[in-house]
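Q: I have a structure here, written as structure tokens, and I will follow up with some questions on it.
Just so you know, all these numbers are worked out from the coordinates, no wet-lab data involved. On a predicted model such as this, the values are computed, not experimentally measured, just so you know. Backbone-built Cβ (ideal geometry, glycine too); neighbour counts: all protein chains shown.
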Amino acid sequence: MSFQKILVPVDNDGYADDAVDKAIALAELSGGSIVALHVGNKADDKAGQVTVDKVVAKGKEKGVDVKTEMATGSPAEIILERSKDYDIIVMGTSGKKKILSGSVAKAVIRSASCPVIVVRSQR
Amino acid sequence: MSFNNILVPTDGSEFTKSAINKSIEMAKVTGATITAVYVLDQSVYSTMPLDSTVVNLYDTLKAEGESAVNYVKEKCDEASVPVKTEIVEGIPSKAITTMSKGYDLIVMGTLGKKGMTKVLMGSVAEKVIEKSQCPVMVISAVANTA
């Protein structure tokens, strides 16, 4: 079955919310599971933990398994590194200079080892 | 949040094949219908004087378009995925984003058919992402060979 391992990079500003919904919808159809990845600047990122926990809760409502990963460093670099281990990435973009900015999405779509669904935030 | 209608722009090049394959994979998982679209790029001939050269070029592009969308139709038929085909005229990124209102997902690659278009096709995908009314799934050149 396709699209089993779904990677969803998330940020604290809500620009990934629509991407999260889309990823959960896909997981429901494929029977797949999600890893919510937060890339921040520091270790022990409490806001980041809250963000990924919200994704777990959303997944639970729909019967979708969500695991979480907290990382620090360059979002684009880390997402690209991870892309080898996933069937698909579902990410948001705000088009502004935030964690999920247009430039991160651009870098990821250029070089990801798996397909990338970009869900532009409605915010 | 559904995946019922998938738009697959194609230019008939080798590079579109992995995007087509992925869109079929997606359609099989989600039960979607695929619409294959070829955008007859007006910018190629719109600045040329209206003579037989232009007509020939137009016909060539039209034929290329028909072949491109028919390839997708064949692949979908093989996979029992419902499919429609369209040929529209315009500037590719604009035409695709205009159509995006009617779809749940667009699937495209990042390499185009001309050598120098290696950079440009990536920018078509980027332009579509910026303006699309629906999510866009992009298969990179790296994912292409994976």
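Q: Of the residues that make up segment B:24-37, is at least one touching a helix residue (DSSP H, G or I) at 6+ places or on another chain (Cβ under 6 Å), in a strand (DSSP E or B) and not hydrophobic (A, V, I, L, M, F, W, C)?
A: Checked against the condition, which is being touching a helix residue (DSSP H, G or I) at 6+ places or on another chain (Cβ under 6 Å), in a strand (DSSP E or B) and not hydrophobic (A, V, I, L, M, F, W, C), segment B:24-37 yields no hits at all.
Q: Next up: Tally up the residues in segment B:23-62 that are buried (at least 16 other Cβ atoms within 10 Å of the Cβ), closer than 15 Å to B:GLU89 by Cβ and over 20 Å from the mean Cα position of the chain (by Cα), please.
A: 0
Q: Among the residues of segment B:1-23, what is the count of those that are part of a helix (DSSP H, G or I) and either at the interface with chain A (Cβ under 8 Å from one of its Cβ atoms) or of a type in the set (Ser, Thr, Tyr) (or both)?
A: Residues flagged as part of a helix (DSSP H, G or I) and either at the interface with chain A (Cβ under 8 Å from one of its Cβ atoms) or of a type in the set (Ser, Thr, Tyr) (or both) within segment B:1-23 amount to 4.
Q: Would you confirm whether or not segment B:39-62 contains a residue that is part of a helix (DSSP H, G or I), within 30 Å of A:ILE117 (Cβ to Cβ) and in contact with a Phe, Trp or Tyr (Cβ under 7 Å, 6 or more places away or on another chain)?
A: No, segment B:39-62 contains no residue that is part of a helix (DSSP H, G or I), within 30 Å of A:ILE117 (Cβ to Cβ) and in contact with a Phe, Trp or Tyr (Cβ under 7 Å, 6 or more places away or on another chain).
Q: When A:LYS5 is evaluated against the numbered criteria (1) away from every other protein chain (no Cβ under 14 Å); (2) closer than 24 Å to A:ARG110 by Cβ; (3) surrounded by fewer than 18 Cβ atoms within 10 Å (Cβ to Cβ), which criterion, by number, is the only one it fails?
A: With (1) away from every other protein chain (no Cβ under 14 Å); (2) closer than 24 Å to A:ARG110 by Cβ; (3) surrounded by fewer than 18 Cβ atoms within 10 Å (Cβ to Cβ) applied to A:LYS5, the lone miss is (1).
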